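Just so it is clear, none of the values below were taken in a lab; they were calculated from the coordinates. Because the structure is a prediction, the values reported are computed rather than measured. Note that each Cβ is placed from the backbone with ideal geometry, even for glycine, and that neighbours are counted across all protein chains shown.
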Amino acid sequence: MEDFINITLFASGSGTNAENIVKYFSNNKLIYINSVFVNNPNAEVIDKMKKLGKEIVLFDKEIFKSSLLQELKKRNTHLIVLAGFLWLVPENIINEYKGKIINIHPAILPNYGGKGMYGNKVHEKVLANKEKYSGITIHEVNNEYDKGRIIFQATCSVFETDTIESLANRIHTLEYFHFPKVIEAWALSFKLNIKPF
């Protein structure tokens, strides 16, 4: 869609964030989710996206490092959003989309980030360390896990009675509320040629 800001989502798992994002932008007149790139053929996100009429592009590590950039260009992708995607993005894609890839992390970075820190593993550590607060971080993606420039954070309390599941539910609420709105503001800043965040 030439008149739209085309966003490609990358996902690896259940796809709840991807589903929320696609629904949020379903009637947007400026921003279009053109496809969802998935690295796990058994991921639940595939069925969710098919039901929403989104194209799925499956890939493995070899394709990721070699020809996936061509697939992005073929779809006239302007921006990339990682929504529950666990692989490190290869350098050729980082270079082509410098400052144009964002990710969401279920903690307040720089704490509880890095390789292997995702999903319930993050919440488990937060609870083990008896933190008073946790939250979400939306950040640019570079060639290191969770080290890109932070563009948005939101916090929530952590209670002594919390389980991994109860904390995860509170974090998901933050993700579902904030992530689409931040994506929208971020994408429109490119459309208007102003410095994003």
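Can you compute the helix-only [θ] at 222 nm over the chain? Use -39500 (n - 2.57) per DSSP H run of at least 4 residues, normalise by all residues, nearest 500 deg cm²/dmol.
Theoretical 222 nm ellipticity from helices: -10500 deg cm²/dmol.
Report the normalised scattering of the stretch 64-115 as log10 I(q)/I(0) at q = 0.16, 0.26 Å⁻¹, calculated by the Debye formula with identical scatterers on the alpha carbons.
Each listed q corresponds, in turn, to -0.53, -1.14.
When every alpha-carbon pair in the stretch 15-174 is counted, what percent end up more than 24 Å apart?
Numbers: 4828 of 12720 pairs.
So the portion of pairs separated by more than 24 Å is 38 percent.
When the C-alpha atoms of the stretch 98-188 are aligned to their principal axes, what extent does each axis show, in angstrom, from largest down?
Projected onto the principal axes, the Cα atoms of the stretch 98-188 cover 40, 26, 16 Å.
Only bridges with both residues in the chain count here: give the DSSP antiparallel percent, nearest 5.
Numbers: 11 of 28 bridges.
Roughly 40 percent of the DSSP beta bridges within the chain come out antiparallel.
Which value in Å is the Kirkwood Rh of the stretch 1-92 over different Cα pairs?
Details: mean 1/r = 0.0758 Å⁻¹.
Result for the stretch 1-92, one decimal place: 13.2 Å.
Calculate the FRET efficiency for residue 166 and residue 70 from the Cβ-Cβ distance with a Förster distance of 30 Å, rounded to the nearest 0.05. Don't jump to the answer; show the numbers that get you there.
Working: r = 44 Å, r/R0 = 1.45.
The calculated FRET efficiency here is 0.10.
Projecting each Cα onto the charge dipole of the chain (Lys/Arg +1, Asp/Glu -1 at the beta carbon, about the Cα centre), which of 163, 141, 190 comes out farthest on the positive side?
Projecting each Cα onto the dipole axis, the largest value belongs to 190.
Using alpha carbons only, how many degrees (0 to 90, rounded to 10) separate the axis of helix 164-191 from the longest principal axis of the chain?
Once rounded, the angle reads 30 degrees.
Report, in debye and to the nearest 20, how large the dipole of the chain comes out about its Cα centre when Lys and Arg carry +1 and Asp and Glu carry -1 on their Cβ. Before the final figure, lay out each step's value.
Working: 24 positive and 21 negative charges, 75 e Å.
The calculated dipole for the chain is roughly 360 debye.
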